[in-house]
Each structure stands twice: as C-alpha cells, then as structure tokens.
1. Can you tell me which of (1) open to solvent by 30 Å² or more (accessible area, probe 1.4 Å); (2) touching a residue at least 40 places away in the same chain (Cβ under 8 Å) is the one GLY24 doesn't meet?
2. What helices (runs of 4 or more DSSP H) lie completely within region 182-263 and have 3 or more residues being free of Cβ contacts under 8 Å to residues at least 24 places away in the same chain?
3. Considering each residue of region 19-68, count those that are of a type in the set (Gly, Ala, Ser) and assigned to a helix (DSSP H, G or I), and give that number.
4. If you take the residues in region 164-177 that are of a type in the set (A, V, I, L, M, F, W, C) and without any contact (Cβ under 8 Å) to a residue 40 or more places away in the chain, which one is farthest from ALA95 (Cα to Cα)?
5. From the set of residues in region 178-215 that are surrounded by fewer than 22 Cβ atoms within 10 Å (Cβ to Cβ) and of a type in the set (S, T, N, Q), which is nearest to the chain's Cα centre (by Cα)?
6. Would you tally the residues in region 258-291 being out of contact with any Ser or Thr (no Cβ under 7 Å at 6 or more places or on another chain) and under 13 Å from VAL61 (Cβ atoms)?
7. Kindly establish whether LEU161 is within 17 Å of CYS241 (Cβ to Cβ), in a helix (DSSP H, G or I) and either open to solvent by less than 60 Å² (accessible area, probe 1.4 Å) or in contact (Cβ under 8 Å) with a residue 24 or more places away in the chain (or both).
8. Tell me which residues, restricted to region 91-118, are under 15 Å from GLY239 (Cα atoms), of a type in the set (A, V, I, L, M) and touching a residue at least 60 places away in the same chain (Cβ under 8 Å).
Amino acid sequence: MIDRLNLYLLITIIVLLAMACTLGSTSLPLDTVLKALFGQGDELDVAVIWEVRLPRALAAVAVGAALGFSGAALQGLLRNPLAEPGVLGVSASAALMATFTIYYGLASMWHYAVPISAIGGALLATALIVFVVRYAQSIVALILIGVGISSFAAAMMSLLLNFAPHPFSLNDMISWTLGSVANRSFDDLLLVLPFLAIGMTILWLTRSGLSVLTFGEEAAQGVGLNVQAQRRWVTVGAGICTGASVALAGAIGFVGIIAPHLVRPWVHHDAARTLLPSALLASALVLLADIVIRVLPTTTELKLGVAAAIFGAPIFVWIAIQRGRNAR
C-alpha cells in the first residue's frame with residue numbers, strides 16, 4: 001500500500017512537471033517541450049524550458065519536499081498534527097536574515113547573499129534551539145521556545161519593514177516574505193540542495209525513533225530510546241530543511257501541516273512511514289499551486305506563499321476542528 005502510494009505520488013509529480021513546462025504565458029505543445037529538454041528544436045523554446053520553466057518547477061518540488069519532510073518529522077516528534085516547520089521559529093529566523101540582507105543592500109551586490117543569509121539564519125536558530133533542548137524537560141517547553149523565537153524574528157522583520165530606506169527595498173523585502181519560486185535558476189537549486197539532502201538524511205535516520213514516540217515519551221524511554229537525542233536530531237534536520245526551503249522560495253506556510261495529515265491515514269498513522277509520502281505530496285501541492293498562479297489571468301502574478309495560505313488556511317481550520325471532535 002505504501003509503496004503504491006509513493007509510486008502514485010511520484011507519477012503525479014512527473015505529470016505536473018510536464019504541465020509546468022507546457023503551461024505559461026505562452027503554452028507549448030508537449031512534443032516541443034520534449035524536444036527542448038533534449039536541446040532540440042527552436043533555441044527560444046530550449047531557453048524557455050531550461051532557463052525559466054524547468055528550474056522554477058524543480059524549485060517548487062524541492063521546497064515542497066523540504067516542508068513535507070520536516071513537517072511530518074515535527075508532527076511525529078511533537079505528537080501533534082498541527083505542528084509545522086515554522087513552529088520552532090526557524091522559518092521566521094531564516095526570513096529575518098534574508099530581509100536583513102535586502103535592507104542593507106547586500107542583495108544587490110551579490111546574487112547569493114539572500115539565500116545564503118537565509119540558510120545562515122536557519123542554522124543559527126537551529127543551533128539556539130538545540131542548545132536549549134538540552135535543558136528543556138518537555139515537548140511543551142520546546143514549542144514555547146519556538147514560539148518565542150518566531151515572535152521575536154517576526155517583530156524584527158516588522159521593524160526592518162518599518163524603517164525601509166526606500167520603496168524599492170521595501171518591495172523586495174515584502175516579496176521575499178510572501179514567498180515565490182519565480183526567476184529561480186539551476187544555480188539557486190544547486191546552492192540549497194546540499195543542505196536539503198543533509199536535513200532529509202538526518203530526519204530519515206531518526207524515523208524509527210518517531211514511531212516509538214507515538215506511544216509517549218515514557219514508553220519510548222522504556223524501550224531504550226534516547227528522547228533528548230531524538231529531539232535534538234529531529235530539530236537539526238527540520239531546521240536545515242526549513243532553512244533550505246526559505247532560502248529558495250521565502251516563507252511558504254501550511255504545506256508542512258496539510259501534507260502529513262492527508263498522508264497519515266494511508267500509512268496507518270505510523271510516523272516513520274509518513275515522511276516520504278508527505279514529502280512527495282507536499283512537492284505535488286506546491287508545484288500545482290505554482291502552476292495555478294502562473295496561468296491565472298492577473299496583471300500581477302500572485303505570490304506562492306499567498307496562494308498556499310489561501311488554500312491551506314481553510315484546510316488547517318478543518319484539521320483543527322476534526323482534532324477537536326476526536327478529542328471529545
């Protein structure tokens with residue numbers, strides 16, 4: 001069942017990738033796209049596919065994978081289906097460092113200044129959380145620490161926006177916080193893929209501990225699981241994945257909550273088996289959302305983070321309501 005689910009999701013992503021390459025301001029026939037992928041046909045078509053549409057589509061897939069993987073891991077760690085990558089404050093910290101770079105004009109001096117600063121912000125927040133986890137006695141304390149970091153980072157971001165030196169930098173900062181994979185290149189992908197691979201590997205290696213934690217911390221300790229180490233490594237892995245996602249696309253919300261919740265019934269609520277299908281489903285959702293905003297007949301393209309919030313927020317509310325009913 002699980003293998004078939006992963007296969008179906010992978011096929012869905014491939015189909016969506018084909019759609020992403022064919023659809024746009026100017027639609028291209030599928031045979032033209034296939035020729036362009038092999039460097040054949042019109043030079044303009046080849047440039048559109050390899051320099052614009054394919055990198056953007058792959059960026060959406062990478063962002064979704066990062067959010068889905070880390071969201072599933074955090075929900076397993078915190079034993080809460082409403083947890084998501086931003087719950088530890090890593091997303092807000094990464095976005096803060098990105099807007100800080102834009103505020104001081106470093107982004108105009110070096111193309112990679114923003115993504116590198118976003119990754120740096122995520123790693124700093126992760127390091128702080130890992131340090132505090134050593135002294136946190138419960139999951140609740142970990143969540144509260146994350147909320148505190150997130151609130152502080154959001155306040156500092158608002159401060160930077162308030163004192164933006166001119167409208168152009170303000171527009172750049174707002175655009176970054178709204179999230180988008182437009183104008184991404186293969187170089188941008190290559191910059192974040194190592195971090196994404198490291199974060200996913202760490203989370204994958206902790207999957208057995210996530211299954212044990214389903215029965216509670218005391219039961220997990222009873223079977224020999226080092227709960228403190230589990231918290232630490234899941235936090236590190238989720239932080240690195242989230243930082244890579246923010247570095248590539250800015251802040252994208254709700255995907256990390258929705259994908260694991262939709263997948264969980266199909267994997268018998270096993271936290272370990274939720275990781276991979278959640279990553280695949282989140283990739284498909286982000287890619288689909290990006291295709292939709294590209295074909296919408298609007299004068300200004302809708303930001304990906306805005307679209308994710310518009311469609312994700314109602315589903316989030318539904319999840320919360322269902323959880324409340326089940327708790328009665």
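1. (1)
2. Working: elements: 186-205, 207-213, 217-222, 227-249, 255-263.
Once the helices (runs of 4 or more DSSP H) in region 182-263 are filtered for at least 3 residues that are free of Cβ contacts under 8 Å to residues at least 24 places away in the same chain, what remains is 186-205, 217-222.
3. We begin by selecting, within region 19-68, every residue of a type in the set (Gly, Ala, Ser); these are 20, 24-25, 27, 36, 39, 41, 47, 57, 59-60, 62, 64-66, 68.
With the extra rule that they be assigned to a helix (DSSP H, G or I), the set shrinks to 20, 36, 47, 57, 59-60, 62, 64-66, 68.
Result for region 19-68: 11.
4. Filtering region 164-177 for residues of a type in the set (A, V, I, L, M, F, W, C) gives 164, 168, 170, 173-174, 176.
Now narrow it down to the ones that are without any contact (Cβ under 8 Å) to a residue 40 or more places away in the chain: 168, 170, 174.
Values: PHE168: 18, LEU170: 14, ILE174: 10 Å.
Filtering region 164-177 for residues that are of a type in the set (A, V, I, L, M, F, W, C) and without any contact (Cβ under 8 Å) to a residue 40 or more places away in the chain, the one farthest from ALA95 (Cα to Cα) comes out as PHE168.
5. This residue is THR201.
6. Here is the first cut: in region 258-291, the residues out of contact with any Ser or Thr (no Cβ under 7 Å at 6 or more places or on another chain) are 258, 261-262, 265-266, 268-269, 273-283, 285-291.
If we keep only those that are under 13 Å from VAL61 (Cβ atoms) too, we end up with 279-283, 285-291.
Within region 258-291, residues that are out of contact with any Ser or Thr (no Cβ under 7 Å at 6 or more places or on another chain) and under 13 Å from VAL61 (Cβ atoms) number 12.
7. On the way: within 17 Å of CYS241 (Cβ to Cβ): no; in a helix (DSSP H, G or I): yes; either open to solvent by less than 60 Å² (accessible area, probe 1.4 Å) or in contact (Cβ under 8 Å) with a residue 24 or more places away in the chain (or both): yes.
So LEU161 fails the test.
8. Passing the criteria: ALA92, ALA94, ALA95, LEU96, ILE116, ALA118.
The values are calculated or read from the model by the stated rules, or taken from the named source; none is laboratory data. Just so it is clear, the structure is predicted and the values come from calculations on it, not from any experiment. Don't worry about glycine lacking a Cβ; one is built from the backbone with ideal geometry, like all the others, and counts go over all protein chains shown. Please note that ligands, DNA and RNA were not included when accessible areas were found on the heavy atoms of the full protein model with its side chains. Shrake-Rupley method; radii C 1.70, N 1.55, O 1.52, S 1.80 Å.
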